[in-house]
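Colleague: Please read through the structure below; I'll follow up with questions.
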Amino acid sequence: MKNTVCLGQPSWNFASNRVTASITRRGGHLAPVRFKLPHGIVEPFAVAPWAEETTASRLIPLLRALRGDFFCAPFGGNDTPYKGEQHPPHGETANAAWKFESLKKDESLTTLHLSLTPKVRHGRVDKFIQLRENETVLYCRHVISEMTGRIPIGHHALLKIPAVPDFGNFSTSEIRYAQVLPSAFEQPGQGGYSRLKPGAEFSRLDRVRDATGNHTDLSRFPTGRGFDDLALLVHEASNDFAWSAMTYPRQRYVWFALKDPRVLRSTLLWMSNGGRHYPPWNGRHFNVLGVEDVTAYFHYGVAESVGKNPLNQKQGYATSIQLRKDCPFTVNYIMAVAEIPQGFDKVRSIIHGESHVTLISTKNHRISIPLQISFLHKR
């Protein structure tokens, strides 16, 4: 299968009758993705504004390709070496060149298979992305094999929020614990600005303490212009699945993600709204929400996530996974979109049947779409 250049990056294209998708060869970044809904085409994922600039070639691969959703192993900045390992930011899976294995298509299912052989920690990662006919769903599976030791992992979805007031309404399943990044996320002396209070704990998305002592609402986007912030949400692990959802009432659709919370323990929210004034960001990366489903200690990296930290010691929540050479580790993840009726403001809950899910709004509107939730637990 030949690469085509899509928004500055060599990419592979694949499609079903309801979804058209591109994935970059470098880093395996999944975007653009276009979903065909009854009222028209929607495209929820963000792409870095410098994607097609000539200067992008000088950036690290992660930033050169930055878009959509990508898999991180190990997740995080990885500035601190770990047992002699120095991983790139978000791991080789988000930076290195993936190998095309196959594109299989039958009457109901399209499956793209890519593979990667990491060099820093030897092993193999296989990426499978499936599309089903008549569904507006992305089924993502990553299988880590022939690798040992502990690492943090995560998916890193980037959503583009249209630049109008109160455009997107964010919600999640039950939160067990939530905290703003303990250290300063941005440094004003380096041209970066944040507004949330470092280390602030919270139990409600609409009441998060900022640096001035006031409260910020993280359930309504875009957030205040001129700031980049990071906050972690830990979900209930006893449930069959956990979810995050962004509702766009004016565009009449909802994007949502489903995960197994025993595999991806937390959700890291990266609120990027023009708070970075250093290259390549230059104040132009705005109205972007990163919904990063992870097992990690914030974005720090492998050394901090594998070692003792307040989240795994004081709170008792996992911040890394154990890999064994003779036992492949599978990470399944689902992203989907659905059309919503007028008055559907925010997702309150998601329930599932055998081959569909139903989203219920805070005003008790209900929508159902075909979706195979059993995929989350397949190995």
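Read the figures in this text as sums done on the coordinates, not as results from a lab. Computed from a prediction, not measured in an experiment: that's the story for all the values here. Virtual Cβ from ideal backbone geometry, glycine too; neighbours counted across all protein chains shown.
Colleague: When the gyration tensor of the range 132-190 is built from Cα positions, what are the square roots of 5 times its three eigenvalues, in whole Å, from largest to smallest? Intermediate values should be presented prior to the final figure.
Modeller: Working: eigenvalues 157, 130, 43 Å².
Rounded to whole Å, the semi-axes are 28, 25, 15.
Colleague: Now, a different point. Take the alpha-carbon centre of the range 89-131, take the same for the range 237-260, and report the distance between them in whole Å.
Modeller: Answer, in whole Å: 24.
Colleague: Mind jotting down the three principal axis lengths of the range 184-321 based on Cα atoms? Whole angstrom, largest first.
Modeller: Projected onto its principal axes, the Cα set of the range 184-321 covers 40, 39, 31 Å.
Colleague: For the chain, what is the calculated [θ] at 222 nm in deg cm²/dmol (nearest 500), taking -39500 (n - 2.57) for each run of four or more DSSP H residues and dividing by its residue count? Please list the in-between numbers first.
Modeller: Details: 3 runs with 14 residues, N = 379.
That calculation yields -500 deg cm²/dmol at 222 nm.
Colleague: Quick one: grab the alpha carbon gyration tensor of the range 1-139, order the square roots of its eigenvalues as a ≥ b ≥ c, and give me rounded if a/c is under 1.5, else prolate or oblate depending on whether a/b is larger than b/c.
Modeller: Details: a/c = 2.14, a/b = 1.52, b/c = 1.41.
It comes out prolate by the Cα gyration axes.
Colleague: Tell me which residues come under 5 Å, amide H to amide H, from D228 once H is placed; ignore anything under 5 positions away on its chain.
Modeller: Y193, S194, R195, N273, G275
Colleague: Now for a separate question. Give, rounded to the nearest 20 debye, the magnitude of the charge dipole that the chain has about its Cα centre when Lys and Arg contribute +1 at Cβ and Asp and Glu contribute -1 at Cβ. The partial results should precede the final answer.
Modeller: Values: 46 positive and 33 negative charges, 55 e Å.
Here the size comes out at about 260 debye.
Colleague: Would you be so kind as to identify which of A51, P81, G40 lies farthest towards the positive end of the dipole of the range 1-136, taking Lys and Arg as +1 and Asp and Glu as -1 on Cβ and the Cα centre as origin?
Modeller: It is P81.
Colleague: Less than 9 Å Cβ to Cβ from E43, Lys/Arg counted +1 and Asp/Glu -1: what total charge do the surrounding residues give?
Modeller: Details: positive: R34, K160; negative: none.
Computed value for this residue: +2.
Colleague: Separate question: If the only charges are +1 at each Lys and Arg Cβ and -1 at each Asp and Glu Cβ, what is the size of the charge dipole of the range 181-339 around the Cα centre, to the nearest 20 debye? Write out the running numbers ahead of the final one.
Modeller: Details: 18 positive and 15 negative charges, 40 e Å.
Computed about the Cα centre, the dipole is about 200 debye.
Colleague: Please work out whether the chain counts as rounded, prolate or oblate from its C-alpha gyration tensor, where a ≥ b ≥ c are the square roots of the eigenvalues and a/c under 1.5 means rounded, while otherwise a/b larger than b/c means prolate and anything else oblate? Can you show the working numbers first?
Modeller: Numbers: a/c = 1.22, a/b = 1.02, b/c = 1.19.
Rounded, since a/c falls under 1.5.
Colleague: Have a look at F241, T223, S171 and report the one farthest towards the positive end of the charge dipole of the range 160-243, computed about the Cα centre with Cβ charges (Lys/Arg +1, Asp/Glu -1).
Modeller: My answer, from the dipole projection, is T223.
Colleague: Using Stokes-Einstein with the Kirkwood hydrodynamic radius over Cα pairs, what translational diffusion coefficient do you get for the range 250-379 at 4 °C and a viscosity of 1.567 mPa s, in µm²/s rounded to a whole number?
Modeller: Working: Rh = 17.6 Å.
The estimated diffusion coefficient comes to 74 µm²/s.
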